[in-house]
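Heads up, the thing below is written out as structure tokens.
The values are calculated or read from the model by the stated rules, or taken from the named source; none is laboratory data. Given the structure is predicted, the values throughout are model-derived calculations rather than measurements. Please note: Cβ atoms are built from the backbone with ideal geometry, for glycine as well, and neighbour counts cover all protein chains shown.
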Amino acid sequence: MRIDVVGAGLAGLTFALAAERHGLEVELRDERPALGGGAALTLWPRALDRLEGLGLAAVLDELGEPAPTASVRRPDGRVVQNPRPAAVERALSGVPRVFDRGDLQLALAERVRGPIRLDQALLPDADLPGAVVVGADGWRSVVARRLDHRLVERPTGHVAYRGVVHGVVDPREHGIVWGPGMEAGIAPMRGGRTYWFATLLESGASVERLLETVDGWATPLASMIRETPPEQLSCVPVVHRSIPRRWHDDRQVVIGDAAHAMLPSLGQGGGHAIVDAVVLAGLLAGEADPQRAFVGFEAGRRREVEAATRRSARAWDVSHGRGLVGRAGQVAAGLAPPFVATRALRAFAG
């Protein structure tokens, strides 16, 4: 059975690797002229286990930096939450890792046997020759819109800045900062590099305004922003997109962000994309009728990812102090003992 995969990001490449291990023929296409690029990506233990099951343990060890326990502080350095590392590791059944997104993408692509055709955008009315089409083409998915033309994109009103600098930051500076209506963070990466991110209200957003906002914070964030090479800095709008009413028809199916784009809170999107990919590949390998595999895939994954999408949205509201619920959540987070935050993480562990 020939499978056409639209999108050669994390979801599409993982699906291709999993499908090829089952003996399926896969061809990928991606609208980008080249692979690689991007900032950092955090993967939680469940997703790491799935990649290890594809024979990628050595790749994960080489490219992944163990993520520090994410303490949460205010801009003046006051601690809001500081979970105990051992308790977090128990709750998650392991330690998350931080990857250079581009390095991981290239490492996966090198191991795919089938062709990867770049600079190949899928037009809305174009057909593909494969018996099955897997849409792994992100939150702006063409395949998802074929399945549900009523998808809704709702801006959050924020943009997300991300960057990578060369140099190691004091581990005590790693973690999250909740600023006024915004969130920022710092995490280590392999190769003596450090990743940072910050959200900012979209109206009037600029690097200069971001620097004005974080100058004087009790973190090295401002100096890191100034040191970030322009080619290592990105700024994208943060958009909430609805989940398609259906994930498949008789020969098309969507996975990853194409099926369930999540807000970036707690880094859930990449991990769920990996789980989607491995689950769908296994079902297609075990079913002569792709439609039955699609039905089983959606039945097995939809409820979980819908719950994860809601949790990510709530976490976004709290981290940005958005609305009464978000502000109350920040107050509660500051009053709760560490084990409460650790217990909440179990819901994300899967």
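The table below lists the values:
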{"item": "Residue in segment 281-290 that is modelled with pLDDT under 95, surrounded by fewer than 23 Cβ atoms within 10 Å (Cβ to Cβ) and either among the hydrophobic types (A, V, I, L, M, F, W, C) or assigned to a helix (DSSP H, G or I) (or both) present", "result": "yes"}
{"item": "Subset of segment 251-260 (residues that are in contact (Cβ under 8 Å) with a residue 60 or more places away in the chain and either among the hydroxyl-bearing types (Ser, Thr, Tyr) or crowded, with 24+ Cβ neighbours inside 10 Å (or both))", "result": "VAL253, VAL254, ILE255, GLY256, ASP257, ALA258, ALA259"}
{"item": "Residue count, segment 86-110 (criterion: more than 20 Å from the chain's Cα centre (by Cα) and surrounded by fewer than 15 Cβ atoms within 10 Å (Cβ to Cβ))", "result": "3"}
{"item": "Conditions (1) of a type in the set (S, T, N, Q); (2) under 22 Å from the mean Cα position of the chain (by Cα); (3) modelled with pLDDT under 90: number failed by SER319", "result": "(3)"}
{"item": "Of all residues in segment 161-217 being closer than 28 Å to ALA333 by Cα, in contact with a His (Cβ under 7 Å, 6 or more places away or on another chain) and of a type in the set (D, E, K, R), the one that is surrounded by the fewest Cβ atoms within 10 Å (Cβ to Cβ)", "result": "GLU202"}
{"item": "ARG226, sole failed condition from (1) surrounded by 22 or more Cβ atoms within 10 Å (Cβ to Cβ); (2) assigned to a helix (DSSP H, G or I)", "result": "(1)"}
{"item": "Breaking point among (1) closer than 23 Å to PRO155 by Cα; (2) of a type in the set (A, V, I, L, M); (3) part of a helix (DSSP H, G or I), for LEU200", "result": "(3)"}
{"item": "Pairs where the first residue, in segment 39-62, is under 16 Å from ALA18 (Cβ atoms) and the second is among the small types (Gly, Ala, Ser) and surrounded by 19 or more Cβ atoms within 10 Å (Cβ to Cβ), C-beta under 7 Å, 6+ apart", "result": "LEU43/GLY270; LEU43/GLY271; ARG46/GLY271; ALA47/GLY270; ALA47/GLY271; LEU54/ALA18"}
{"item": "Test result for ARG172, within 22 Å of ASP76 (Cα to Cα), over 18 Å from the mean Cα position of the chain (by Cα), in a helix (DSSP H, G or I) and of a type outside the set (A, V, I, L, M)", "result": "yes"}
{"item": "Matching residues, segment 114-141, being under 22 Å from ALA34 (Cα atoms) and crowded, with 20+ Cβ neighbours inside 10 Å", "result": "LEU122, VAL133, VAL134, GLY135, ALA136, ASP137, GLY138, SER141"}
{"item": "Neighbours by Cβ (under 6 Å, 6+ apart or cross-chain): first from segment 334-347, farther than 19 Å from PRO96 by Cα; second at pLDDT 70 or above", "result": "GLY334/VAL80"}
{"item": "Pick from segment 185-207, criterion of a type in the set (Val, Ile, Thr) and more than 17 Å from the chain's Cα centre (by Cα), ranking: farthest from HIS174 (Cα to Cα)", "result": "VAL207"}
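To keep it simple, each residue is scored yes or no on (1) closer than 30 Å to ALA218 by Cβ; (2) at pLDDT below 90; (3) touching a Ser or Thr at 6+ places or on another chain (Cβ under 7 Å).
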{"residue": "GLY36", "(1), (2), (3)": "no, no, no"}
{"residue": "GLU52", "(1), (2), (3)": "no, no, no"}
{"residue": "LEU56", "(1), (2), (3)": "no, no, no"}
{"residue": "VAL59", "(1), (2), (3)": "no, no, no"}
{"residue": "ALA67", "(1), (2), (3)": "yes, no, yes"}
{"residue": "VAL72", "(1), (2), (3)": "yes, no, no"}
{"residue": "ASN82", "(1), (2), (3)": "yes, yes, yes"}
